[in-house]
Amino acid sequence: MIKAVFFDLYYTLVRYEPPQEELESIVLKDFGINVEPEALRRPFFVANEFIYEELARFPLGKRSPDEKMALYARYHEIILKEAGIEATRELLLTLLGKMQQFKPKLVLFDDVAPVLTDLRNRGLVLGLISNVDSDITPMLHELGLNSWLQVVVTSQEVGYNKPQPEIFQAALKQARVRASEALYVGDQYRIDIVGAKNAGIKGVLLDRGNYYPESADYPRIPSLACLGQHLS
């Protein structure tokens, strides 16, 4: 019986507004490259997979300024390549500079509030497990997530990153539940689902963009509204 549900943060509970693909599309137009934001969604997904795995391997806070610059250059290079755009040095440098100037807001996905409210009303322990190397407490308060979450575990606090099992185990300890009594929901297969599985937790892949193939290895849902069927 499931007693606790843990969630990833970025692109599971929260997103950027305006979306990153819209901002990238604006910058590309300055170079005479007309690409609609919709055409950049999958390239961003591919690039996000890359950067999440890189940050799990070596957190951003431990990288030098040059290493950070190289990482983000590679990130945008992947986006451009996946979109069929030549990644010239001039274009990459402009993208890096312009994208850093934008200050998009973090907002909740539309399905978050009703689903978290329903889960809380069912008496479930709700938690967050996130690879971040800064204090996210102010952000959680601003978004209102603190009113739902009873457990918040970050890589900064515990010294381990997803997919390492220790970060999941820290959440289990705080929630006072066994691995078999917990569910973890995230949007990245290797970081979230494999990581949860290695800690003995059932993982549910949130695939909002229908980017992952069907698989018998994990349950896959298009929206948090579909989570209820996996609580038993």
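What follows is calculated from the coordinates using simple rules that are stated; it is not laboratory data. What you are looking at is a predicted structure, and each value in this text was computed from that prediction instead of being measured. Note that we place each Cβ from the backbone using ideal geometry, even for glycine, and neighbour counts take in every protein chain shown.
Our estimate of slack between Arg89 and Ile51, defined as 0.36 nm per intervening residue step minus the Cα-Cα distance, is 11.7 nm. Over region 110-208, all Cα pairs binned in 10 Å intervals from 0 give whole-percent P(r) values of 15, 49, 35, 1, listed from short to long. Across the cross-link table entries Lys98/Lys197; Lys29/Lys81; Lys173/Lys202; Lys3/Lys162; Lys81/Lys197, which are compared at the Cα atoms, the separations over 27 Å belong to Lys98/Lys197; Lys81/Lys197.
Note: relative contact order over the chain, using C-alpha pairs below 8 Å and six or more positions apart, is 25 percent. Against the chain, whose longest principal axis comes from its Cα atoms, helix 41-57 is set at around 70 degrees.
Could you tell me which trypsin sites (Lys or Arg not before Pro) in region 151-232 are loop residues by DSSP with no more than 11 other beta carbons within 10 angstrom of their beta carbon? Could the numbers behind the result be given before it?
Numbers: sites: Lys173, Arg176, Arg178, Arg190, Lys197, Lys202, Arg208, Arg220; in loops: Arg176, Arg178, Arg208.
The qualifying sites are Arg176.
For Val204, the residues 5 or more places off, or on other chains, whose built amide H falls under 5 Å of its own are Tyr184, Val185, Gly186. Computed on region 1-139, with alpha-carbon pairs under 8 angstrom and 6+ residues apart, the relative contact order is 45 percent. Can you give me the angle between helix 165-175 and the longest principal axis of the chain, using Cα atoms only, in degrees from 0 to 90, rounded to the nearest 10? Computed tilt is about 50 degrees.
Sorted by packing (mean other beta-carbon atoms within 10 Å per residue), highest first, where do 19-31, 124-136 land? Intermediate values should be presented prior to the final figure.
Numbers: 19-31: 17.2, 124-136: 19.8.
Highest mean packing first, the order is 124-136, 19-31.
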